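The values are calculated or read from the model by the stated rules, or taken from the named source; none is laboratory data. All values reported here derive from a predicted model rather than from experimental measurement. No Cβ is skipped: glycine too gets one built from the backbone with ideal geometry, and neighbour counts run over all protein chains shown. Surface accessibility is based on the protein's heavy atoms, side chains included, excluding ligands, DNA and RNA. Shrake-Rupley method; radii C 1.70, N 1.55, O 1.52, S 1.80 Å.
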Amino acid sequence: SDSEVKPSDTYLPSWGPLKRKLHDLCKQHRRVNAFVAALEMKLEREEAISLPSFIAICPTGQCNALCDFCSVTINRTGIVKRQLPWEHLSRFLQPLRNVLQMCGLEGNGEPTLYKEFDELLGYVKGEGSQVYLITNGSRLTHEQIPSVLGLNAITFSVNAATAATHRKVMKLKNWPDVIGNIRQILRERGTDTNPVIYLSFVAYHYNIHELQDFLKFAESELKGDKIVIRP
């Protein structure tokens, strides 16, 4: 809750009263922040008084899939495979509550593995910004579906048209759960336009033979809104 999140001191030590006052105005008003940010970019300022309006959050470097084409695998180096403490992440987000325009839950891992995923989801949805999620869909529970229905977009990394290829590509064993979650979200969304459902397929030598089948499956059976094919 808001009462549990201590406000962060976001001033730079060198700032005088004028910069601090302008920074406070940016914190309080989305339009003021957007105007100041645009001006700073035009002037190519390296020191920003405005706050971020568009952010992508990678709450964990952990993933339950092991896709060969992904950088987040057990045999890759340089990836921090741990979770951001919720108290740190919530303190980072607190100053942005009034200014965020778009927030993504994605990144170097599977965001639904984050222990405080439900809290994070509720927190960023409360910002008044657009929120999207990128997920493999295997860890979403039926209890979480109502919450994700409140998002603006969800991208499901499917990468297959059959359970056998899905298991070979992503090393996941619950293809029925993934497809069931997608179907349930589309069904319960009804005639609403949000969340927009993207179905993603990264094509490489283990699944390229199913590309045509995936296109038919995604469009005719799952009936997603957007199909994304990536090399």
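Taken over segment 135-155, residues that are under 20 Å from Tyr204 (Cβ atoms), in contact with a helix residue (DSSP H, G or I) (Cβ under 9 Å, 6 or more places away or on another chain) and in contact (Cβ under 8 Å) with a residue 60 or more places away in the chain amount to 2. The one condition from (1) modelled with pLDDT of 95 or more; (2) closer than 27 Å to Gln101 by Cα; (3) assigned to a helix (DSSP H, G or I); (4) of a type in the set (Phe, Trp, Tyr) that Phe214 does not meet is (2). Can you find, within segment 128-143, the residue that is nearest to Ile154 (Cα to Cα) among those that are modelled with pLDDT of 95 or more and hydroxyl-bearing (Ser, Thr, Tyr)? The selected residue is Tyr132. Mind checking whether some residue in segment 186-202 is assigned to a helix (DSSP H, G or I), over 22 Å from Pro111 (Cα atoms) and without any contact (Cβ under 8 Å) to a residue 12 or more places away in the chain? Checking segment 186-202: at least one residue is assigned to a helix (DSSP H, G or I), over 22 Å from Pro111 (Cα atoms) and without any contact (Cβ under 8 Å) to a residue 12 or more places away in the chain. Which of the residues spanning segment 142-156 are β-branched (Val, Ile, Thr) and over 14 Å from Arg183 (Cβ atoms)? Across segment 142-156, the qualifying residue is only Thr155. Residue under question is Ser50, and the condition is that it be in a loop (DSSP other than H, G, I, E, B), under 23 Å from the mean Cα position of the chain (by Cα) and modelled with pLDDT of 95 or more; does it hold? So Ser50 passes the test.
Within segment 217-231, which residues are in a loop (DSSP other than H, G, I, E, B) and among the small types (Gly, Ala, Ser)? Once the filter is applied, which keeps residues that are in a loop (DSSP other than H, G, I, E, B) and among the small types (Gly, Ala, Ser), segment 217-231 yields only Gly224. Filtering segment 157-172 to residues that are out of contact with any Phe, Trp or Tyr (no Cβ under 8 Å at 6 or more places or on another chain), under 21 Å from Leu133 (Cβ atoms) and in a helix (DSSP H, G or I) leaves only Met170.
State all residues of segment 127-165 that are surrounded by fewer than 18 Cβ atoms within 10 Å (Cβ to Cβ), small (Gly, Ala, Ser) and in contact with an Asp or Glu (Cβ under 8 Å, 6 or more places away or on another chain); if no residue qualifies, say none. Within segment 127-165, just Ser147 meets the criteria.
Of the set (1) within 28 Å of Arg82 (Cα to Cα); (2) open to solvent by 10 Å² or more (accessible area, probe 1.4 Å); (3) in a helix (DSSP H, G or I); (4) aliphatic (A, V, I, L, M), all apply to Val124 but (2).
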